[in-house]
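Below: one structure, written as structure tokens.
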Amino acid sequence: QVQLVESGGGLVQPGGSVRLSCAASRIIFNIVRMAWYRQAPGKQRELVAGITSVGYTSYADSVKGRFTISRDNAKKTVVLQMNSLKPEDTAVYYCQAAVNGYEYWGPGTQVTVSS
């Protein structure tokens, strides 16, 4: 059973930074596409950033220039560095792994941007 566990969420002031980490286990990590999604109250889950097995990245327009996704295949982790946070970034952030047509999700971590 593939396991993904997110960490690093919390309360941050507008303009601040948060670093989310996702640790994967029981998966051949270096062939997996990883991504971060988020879901705000009353809204659909949306893709925030993705990174392929070879390191190509993509971002939602709303976070370009502020968020950075990276991965460490040796440690089986993916990180989302979030800077210049805005109240509209408030959401539960989910780590996703996609491989061979299957998707796996972590339980999510709450990020709240508020003064």
Would you rank Tyr56, Tyr104 by solvent-accessible area, highest first, keeping every protein chain in place and using a 1.4 Å probe? Tyr56, Tyr104
On a full-extension model of 0.36 nm per residue, what is the gain between Ser114 and Asp72, subtracting their alpha-carbon distance, rounded to one decimal in nm? 12.1 nm
Heavy-atom accessible area of Val54, protein chains in place, probe 1.4 angstrom, given in Å² to nearest 10, is 110 Å²
Once phi is turned into θ = phi - 60°, what whole-Hz ³J(HN,Hα) does the Karplus curve with 6.51, -1.76 and 1.60 give for every residue of region 76-83, x standing for Gly and Pro? 6, 10, 10, 10, 10, 8, 10, 10
Cα shape, region 1-56, gyration tensor, a/c 1.5 rule: prolate
Carbon and sulfur together cover what percent of the accessible area of region 38-115 at a 1.4 Å probe radius? 48 percent
Only Lys, Arg, Asp and Glu count, each charged at its Cβ (+1, +1, -1, -1), so figure out the dipole size of the chain about its Cα centre, rounded to 20 debye. 160 debye
Taking a probe of 1.4 Å and leaving out DNA, RNA and ligands, the chain shows per residue an accessible area in Å² of 54 Å²
How high is the relative contact order of the chain, given as a whole-number percent (alpha carbon pairs under 8 Å, six or more residues apart)? 37 percent
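The values are calculated or read from the model by the stated rules, or taken from the named source; none is laboratory data. Since we're looking at a predicted model, the values are computed, not measured. Cβ: placed from backbone, ideal geometry, glycine included. Neighbour counts: every protein chain shown. Calculation scope for accessible area: heavy atoms of the full protein, side chains included, ligands and nucleic acids excluded. Shrake-Rupley method; radii C 1.70, N 1.55, O 1.52, S 1.80 Å.
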